[in-house]
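Data block below; observations after.
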Amino acid sequence: MPVKSSFHDQENIFSFWPRHNETILKRLESKDAWLSTRRGTEVSRVKDALEHEMTLNIGPQHPATHGVLRCMVKLDGELIEKCVLDIGYLHRGVEKLAESKTYQEFMPYTDRMDYLAPYANNVAWCMAVEKLANVEIPERAQWIRMIMCELARISSHLLWLGVGLMDAGAVSVFLWTFQGREDLYSIFDEVSGARFTVSHSRIGGLATDLSSKAIDMIRDFAIRYEEVIKGWQKLLNRNRIWIDRNKDVGTVSADEAIALGLTGSNLRGSGVPYDIRTFEPYLKYDEVDFIIPLREEGDCLARYHIRVEEMLESIKIIHQCLDRLPEGPIRADDAKKTYPSKNEVYYSMEGMIHDFMYTETGIAPPEGAAAYHAIESPKGELGFYLESDGTGCPWRARINAPSFTNLQGLESMMEGHPVADIVVLIGSIDPVMGEADK
Amino acid sequence: MADSLNFHFTPVDKARPDEENLHAKASTDVTDVIQAIQEQFPEAITEVVVYAGERTIFIAGEVFLEVCTALKEELGFTYLVDLAGVDRFQEEAPRYEVYYCFVNLQKGKRLRIKVRVEEDDAVLPSITGLFKAADWNERECFDMLGIRFEGHPDLRRMFMPEDFEYHPQRKEFPLLGIPGSLPLPPRTPEGELTMDPFAAAHSGSPAKSYQEPAENDEN
Amino acid sequence: MDSATGYLTTTVDAVVNWARSNSLMPMPMGLACCAIEMMAFGGPKYDVGRFGSEAMRFSPRQADLMIVAGWCSYKMAHAIRRVWDQMADPKWCIAMGACASSGGMHRCYGVVQGIDNFMPVDVYIPGCPPRPEAVIHALMDIQEKVRNEYSIAKDYASGPKKSAVEPMNLEILTSDGRTTVGGV
Ligand code: SF4
């Protein structure tokens, strides 16, 4: 078969997808090296180009790329002159899948997008559908959602901290942060029965109420980890190695960050106070007291500070939510729009039928409805844009994934830095490929 | 006959723009922006659809780039949040729509505009010159729906490999893909590419990582 | 075992397999969400070091057990196969999670419906994601498999009774000086 020889060339290890590689290389060649324009001169060329210029491929399988990101970099000596990112190694087409699922059926897929903080994704999806179909959420459910979203934020930032430090050479912190994640897992396990793919939120409320044990566990976690996170701050805030690796690396000014479309901590690290929790308050975020950490430097260190401070703010929010948690139902009582409670399903015929109908057809927003709802996920603005055609499946479900938008800024951030900074930069952007690749 | 069989389990409601939405946000009220656009480009807005307190503004393709310039430079919508294509898949003329979501960070406003794109001539002007953030999103839109963006510096596929020929988000593309459009790696190190996506189910014997000796090996 | 003289007799295969099975070095092919559970499996609570597999090797040349954790797209499949081909024999493979085993919930155009369509798999783990206990169970199954395989003296590739191979002569030091023990 003639395909084979060109496709799997034994000489060149990255020769699969020949046309794909060709276009990437072509792009790398034709890309404008802004580095040379910035310096005002041509990048110095020594005669023997082989010794000083190199094209390096990192990924898609590389431990420092946090998944399956692929970077093609052109090096001048040790400096990255140009960089082309290639994503899509996890592409499965969730947007297409959503078009053939009912609204409730699609929710488990959102767990698998940003798998470091699945609860936030569940809530984002449910709230988008609730906006589209105009469903009311009971008070208690809103507060519980907030608690769980903040726990999800902590769990995502914990992994980022551990892995980021591991990339920079400190393995022990990974073990500590993972211990923290294990504590969070046991909370999620208690609440929903799964360690992290929770699928606990429902359209119009929640699947189950928090048990008193779960509330105790959350409170205990919030109390203990305030100290622990402050301890990590003590370890890292003045750590020479950590600061040297991060300071002035990947600096983005506020205007640049807006132009590049960065979101979340990466945007706030550059001094733009854009956080959906205050920009368009959802749930009860306008009723709790918290601050949004902001830095002006725009480098990796600023992003580090912001994320760690965000964890402390999350703990503050959790405490307030637990104190103010009202009694009441956890799911709206409307058989056309939400699942009936389990008691109803088991003991009444109507409940049974409603349950069946809801699983079969589900909620059907009006024809021609379109809505966009965003929440502040740990990575940034996570928005769903839904269009309905009046049936139980969305006509179009668009996912505005924060990792995708953030990764796009990485390309220009990398240029001009030594190759060793790649790992730190990828870590500080905090991408999750499952989400970026959709 | 066919009509009489055409029933729905759920009655299809029509969207009611006047209905008060519980989740509507103050930030999506952009009547002043619509007015400003109308004053500057009287022909630009073809339609405004209101739902859940959000306004979808349909802009004519010819003046689209000028409207975007005005949005950015005069009306303060400097932050592009999202850009994506929608396949309407209808009989009437414009098949695709591309939607843009802009944010005004100073005033705290969110704006959604839409442009209709014809099927046979699926080309739109690229806004990467104005909003750098549109770069990957436009590539994604091209990959998924096949809409070309004129003036984009680097219109490659975003997710699918370049060797792939289809645009998967189009409604006519089957969910499970087209068998043989993407090759799988060979099942043995020296083997040939597998074009069958369900090779394991069809071939019967699973691939082995080692070579088993022949039955009557005399050596 | 003879306690008076201080030596034990066994087959080379048994010793080698015992050593191999208790020091499997995984190559974590962490693709998606299952990779997070794989980290937990290597992390402090589940501590796979108890089974001798805590040394995750990101270079395929140093690893002998590949754990494919996550859904595998067509685009990525070629990279996975390439990494698998680079691993030195003998090698084993675990398909972790529903996605790697069968495509799982991602039944759509981008995802390979089970990695066994292009590479051999020894153990499949069901679950979405499998809990770390299940991964440990799979690891124990692999160990079981390794212990029951032919290894040095009887190689799969050459068959059980290959006379062309010289019998191995082992020298074993015993308490009364050097003794040569015949072939195994
Ligand atoms: S099996 Fe489930 S958890 Fe594992 S990769 Fe697939 S979707 Fe993710």
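The values are calculated or read from the model by the stated rules, or taken from the named source; none is laboratory data. Because the structure is a prediction, the values reported are computed rather than measured. Heads up, the Cβs are rebuilt from the backbone with ideal geometry, glycines too, and the neighbour counts pull from every protein chain shown. Each accessible area value is taken on the protein alone, full model and side chains, heavy atoms only, with ligands, DNA and RNA left out. Shrake-Rupley method; radii C 1.70, N 1.55, O 1.52, S 1.80 Å.
Things to note:
- With every protein chain in place, segment A:258-328: carbon and sulfur % of accessible area (1.4 Å): 48
- Length gained when the stretch B:Val48-B:Tyr166 is fully extended (0.36 nm per residue, less Cα-Cα span): 39.2 nm
- List of segment A:329-375 residues, accessible area with partners at least 50 Å² below that of the chain alone (1.4 Å probe): A:Pro366, A:Glu367, A:Tyr372
- In this structure the amide hydrogen of A:Glu53, modeled in the peptide plane, comes within under 5 Å of the amide hydrogens of A:Gly77, none closer than 5 places in sequence on its chain.
- Candidate lysines for bridging to A:Lys247, where Cα separation is under 23 Å - those fewer than 8 sequence places away on the same chain excluded: A:Lys82, A:Lys230, A:Lys234, A:Lys379
- Rounded to the nearest 10 square angstrom, B:Val63 shows an accessible area of 40 square angstrom against a 1.4 Å probe.
- Each peptide in A:125-131, A:24-30, A:406-412, A:272-278 gets a packing score, the mean of other Cβ atoms within 10 Å over its residues, and the list from highest to lowest is A:125-131, A:406-412, A:272-278, A:24-30.
- Protein-only accessible surface order, largest first, of C:Ser59, A:Ser100 at 1.4 Å: A:Ser100, C:Ser59
- Helix B:64-73 axis versus longest C-alpha principal axis of chain B: approximately 70°, rounded to the nearest ten.
- Cross-link reach is defined here as a Cα-Cα straight distance under 13 Å, omitting same-chain residues fewer than 8 places apart; for A:Lys342 the aspartates and glutamates meeting it are A:Asp209, A:Asp333, A:Glu350, A:Asp355.
- Treating r as the C-beta distance of B:Ile34 and B:Gln106 and R0 as 25 Å, the FRET efficiency rounds to 0.85.
- Report note on the peptides B:74-85, A:257-268, A:288-299, A:348-359: ranked by the mean count of other C-beta atoms within 10 Å, highest first, their order is A:257-268, B:74-85, A:288-299, A:348-359.
- Residues C:Asp122, C:Asp89, B:Asp29, sorted by accessible area with the largest first, give C:Asp89, B:Asp29, C:Asp122 [1.4 Å probe; ligands and nucleic acids excluded].
- Cα convex hull of the protein assembly as shown, projected area averaged across orientations, nm²: 44.9
- Amide N of segment A:178-214 lying under 17 Å from the label point, which is placed 7 angstrom from the Cα of C:Lys45 along Cα→Cβ: A:178-199, A:213-214
- Karplus-based coupling profile of segment A:341-351, in residue order and whole Hz: 6, 4, 4, 4, 5, 7, 10, 9, 5, 4, x, with θ = phi - 60° in 6.51 cos²θ - 1.76 cosθ + 1.60 and x standing for Gly or Pro.
- Helix A:18-30 and the longest principal axis of the C-alpha atoms of chain A enclose an angle of approximately 60°.
- Per-residue HN-Hα couplings for segment B:78-85 [Karplus 6.51, -1.76, 1.60; θ = phi - 60°; Hz; x = Gly/Pro]: 8, 10, 8, 8, 8, 8, 7, x
- Computed from backbone phi, the HN-Hα couplings of segment A:420-434 come to 5, 7, 4, 5, 5, 5, 4, x, 6, 6, 6, x, 10, 5, x Hz, rounded to whole numbers (Karplus: 6.51 cos²θ - 1.76 cosθ + 1.60, θ = phi - 60°; Gly and Pro given as x).
- Under 5 Å, built H, 5+ apart or other chain: amide partners of C:Ile67: C:Met27, C:Met29, C:Ile94
- C:Ala88-C:Arg147 FRET efficiency (beta carbon distance; Förster radius 30 Å; 0.05 resolution): 0.95
- Accessible-area value, B:Ile178, 1.4 Å probe, nucleic acids and ligands omitted, Å²: 50
- Shielding of peptide B:53-64 by partners, expressed as the average count of other chain Cβ atoms within 10 Å per residue Cβ, is 1.
- Helix A:139-168 and the longest principal axis of the Cα set of chain A meet at an angle near 20°.
- Protein accessible surface hidden between A and B, which excludes ligands and nucleic acids, total in Å², probe 1.4 Å: 6200
- Distance (nanometres) between label positions extended 7 Å along Cα→Cβ at B:Arg156 and B:Glu73: 3.2
- The equivalent ellipsoid of chain B has semi-axes of 47, 24, 17 Å, largest first, where each one is the square root of 5 times an eigenvalue of the Cα gyration tensor.
- DSSP bridge analysis restricted to the protein assembly as shown gives an antiparallel fraction near 75%, rounded to the nearest 5.
- Dividing the summed helix terms, -39500 (n - 2.57) for each DSSP H run of n ≥ 4, by the number of residues in the protein assembly as shown produces a 222 nm estimate of -11500 deg cm²/dmol to the nearest 500.
- Annotation for the C:A interface, with buried accessible surface near 3500 Å², both sides summed [1.4 Å probe; non-protein components not counted].
- Surface/4 of the Cα convex hull for segment C:17-127, nm²: 6.6
- For segment C:38-76, applying the loop criterion from DSSP together with a ceiling of 10 other beta carbons within 10 Å to the trypsin sites (Lys or Arg not before Pro) yields no site.
- The residues of segment A:191-236 have, on average, 42 Å² of accessible surface per residue, using a 1.4 Å probe with all protein chains present.
- Per-residue surface analysis assigns A:Ile80 an accessible area of about 0 Å², computed on protein heavy atoms at 1.4 Å probe radius.
- DSSP beta bridges fully contained in segment C:60-137 are about 10 percent antiparallel.
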